[in-house]
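The values are calculated or read from the model by the stated rules, or taken from the named source; none is laboratory data. This one's a predicted model, so the numbers in the text were calculated from it and none came from an experiment. All Cβ positions, even for glycine, are placed from backbone atoms using ideal geometry, and neighbour counts span all protein chains on display. These area figures cover heavy atoms from the full protein model, side chains too; ligands, DNA and RNA do not enter into them. Shrake-Rupley method; radii C 1.70, N 1.55, O 1.52, S 1.80 Å.
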Amino acid sequence: MQMRIFQSIKEKTVTLAMKVVALGLFVFCFSVNARAQEPVALDLKKALSYALEANKEARKAQLNVENSEYMIDEVRARALPQVNGSASLINNPLLQKSALPNIFGPNPNPNETILVAFGQKWNANAGISLTQNLFDKSVLTGLDAARATREFYKLSAQLTEEQVLEQVATNYYQVLVQRQQVRMLDSTIKNAKRVQEVLLGQYNNGLAKKVDVDRIAVNLSNLQSQRLQLMNGVTLLENQLKFYMGMPIQTPISIPEAEINAIQPQAVAANETINVESRTELRLLKQQEELLTYQKEAYKAEYYPSLSLSGNYSYQGMGNKLPVFKGSEQGVNWFGAASVSLNLRVPIFNGGATKARIRQADISIKQLNEDKANTELALNLAFENAKTQINNSIITLNAQKENVRLAQEVYENTQNNYKYGLATLTDLLNAETSLTEANNNYAAALLNYRVAEIQLIKSQGQLKSLIN
């Protein structure tokens, strides 16, 4: 009997120990998973800095800058000596024969034709050649064009970074705006639930109709459905933000609440202007114009003569046996040959092809000038629109601020009337809802002002100031 009791206690102890171990493993795995899924805290500066490092377009632009250095090296190589080595081993099973008059041998007869084989069955050759350009206008122009290409890619990378900053900053504030709408809806749902509780109490006491209870239930259900849609919208915006940043979409992020009180709206003077010459878009087009000019100069260089120096040296062995590692005692003759030449190439006539290419380059430059003029107009348009949007946002802010003041007055008056029995609880709740909505609308207007401010900063060419 005691043995059975001890056995039972032992089994229970083992079972308990296994449960404790399993629980410990579960807690450990859960804690590891929780740490792995810990959200990344992002304020605006962190999001922008991360994007400049991880965004794929920004990284490609930096690779183009790096590649431009190799393009310069490639063009520079044309001005350096070109050295080539060569070697060959030729076997002639059948030697080429030539027809000659029979003037050789012991019985010459000029009227008789004989076939004579020239050459040896084996021919080995090894040589080296060197060519140096002394003057080539296209090489000099190509070096200048390659350096201009490097500056073009630097400006292109700068423009890409500005576009990334704009996308991330705009999307960041759009997330905050969407979250503010969720908070506003949460306040509405909270007050709707309080009204529902009051109506249910009144209905149970015979002071309200069932249709009113059903109506508030339907309204509450619609509000909760809207909240779910807004939350899905927040998720979509967060995923889009991570895409612009170059962050893995599966990475959870945490965006702190916006400091509404830190936003100080400022109107823009109607007569304020900008210097579009400093904008990256226009500078990039000017650099492209410089590249097209170098392209035109490269075509003109086809009219110039070119001068080069060449040198060759070869060592050759011939014989009827494989000449490798054999000398004259084995019937193989080895000898060297060398030459130095100064080469002048003078273009005379190519059917007008060079002239046609120059005319095409002129057309490309004229088209680019039109693009520059159009871009200048677009930049001025964007600045004027940004000014208008900022001023419209301030008008909206002033209206929302006045709504908050009026809603506060109505709430205080309704609260006083409720204390003295001059207003119902429903009236008080409605006044509280209106005040909450007014405050939330004001906060959303401030965040929308931030979105408009991003466009103004972009139009002024100062997007880099967002990360300083």
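The stretch 127-164 and the stretch 316-339 have Cα centres separated by 47 Å. Accessible surface of F243, taken over heavy atoms with a 1.4 Å probe and every protein chain present, rounds to 140 Å². Of the peptides 357-364, 181-188, the ranking by mean beta-carbon count within 10 Å, highest at the top, reads 181-188, 357-364. Taking a straight line from the alpha carbon of K401, these lysines sit under 28 Å away, with near neighbours fewer than eight places off in the same chain left out: K190, K193, K387, K419, K458.
Taken about its Cα centre, the chain carries a charge dipole of roughly 1400 debye when the Cβ of each Lys and Arg holds +1 and the Cβ of each Asp and Glu holds -1.
Considering only V346, Y244, L377, the residue lying farthest towards the positive end of the dipole of the stretch 226-378 is V346, judged by Cα position with unit charges set on Cβ.
At an R0 of 30 angstrom, the distance between the Cβ atoms of V40 and L63 translates into a FRET efficiency of 0.70.
How large is the translational diffusion coefficient of the stretch 330-451 in µm² per second when you combine the Kirkwood radius over alpha carbon pairs with Stokes-Einstein at 10 °C and 1.306 mPa s?
Numbers: Rh = 22.8 Å.
After rounding, the answer is 70 µm²/s.
Volume per residue of the convex hull around the Cα atoms, evaluated for the stretch 83-154, comes out as 224 Å³. Cross-link partners of K372 among aspartates and glutamates, defined as those whose alpha carbon lies under 15 angstrom from its own and excluding same-chain residues fewer than eight positions apart: E277, E281, E289, E290. Against the criterion of solvent-accessible heavy-atom surface with a 1.4 angstrom probe, I189, I249 sort, most first, into I249, I189. Please find the FRET efficiency linking Q250 to N84, where r is the Cβ-Cβ separation and R0 is fixed at 51 Å, and quote it to the nearest 0.05. Given R0 = 51 Å and the Cβ-Cβ separation, E is 0.40. Note: relative contact order over the chain, using C-alpha pairs below 8 Å and six or more positions apart, is 22 percent.
Using the average count of surrounding beta-carbon atoms within 10 Å as a protection proxy, the listed peptides 48-59, 139-150, 87-98 rank, highest first, as 139-150, 48-59, 87-98. Computed over the chain, the P(r) tail beyond 44 angstrom holds 55 percent of alpha carbon pairs.
Figure the gain on full extension for L307 and I363 (residue separation times 0.36 nm, minus the Cα-Cα span) and round it to one decimal in nm. Intermediate values should be presented prior to the final figure.
Working: separation 56, 0.36 × 56 = 20.16 nm, distance 3.13 nm.
Extending this stretch completely gives an extra 17.0 nm.
Residue by residue, the stretch 428-434 carries 3J(HN,Hα) couplings of 5, 5, 5, 5, 5, 4, 4 Hz when phi is fed to the Karplus relation 6.51 cos²θ - 1.76 cosθ + 1.60 (θ = phi - 60°); x denotes Gly or Pro. Lys/Arg Cβ at +1, Asp/Glu Cβ at -1, dipole of the stretch 164-268 taken about the Cα centre: which of A262, T170, Q202 is farthest positive-ward? Towards the positive end, the residue furthest out is Q202. For the stretch 231-334, relative contact order (Cα pairs under 8 Å, six or more residues apart, normalised by length) works out to 10 percent. Charge dipole of the stretch 338-468 (Cα centre as origin; +1 on each Lys and Arg Cβ, -1 on each Asp and Glu Cβ, all else neutral): 1180 debye, rounded to the nearest 20.
Quick one: if the Förster radius is 25 Å, what FRET efficiency do D212 and Q415 give, using the C-beta to C-beta distance and rounding to 0.05?
My answer for the efficiency is 0.60.
What lysines sit close enough to K300 to cross-link, taking a C-alpha to C-alpha distance under 17 Å and skipping anything fewer than 8 places away on the same chain? Leaving aside lysines fewer than 8 places away in the same chain, those within reach of K300 are K137, K355. For the chain, the longest principal axis of the C-alpha atoms and the axis of helix 280-300 are separated by about 10°. For the stretch 375-468, the relative contact order is 44 percent, taking Cα pairs closer than 8 Å that sit 6 or more residues apart in sequence and dividing their mean separation by the residue count. With every protein chain in place and a 1.4 angstrom probe, the accessible-area ranking of L207, L159, largest first, reads L207, L159.
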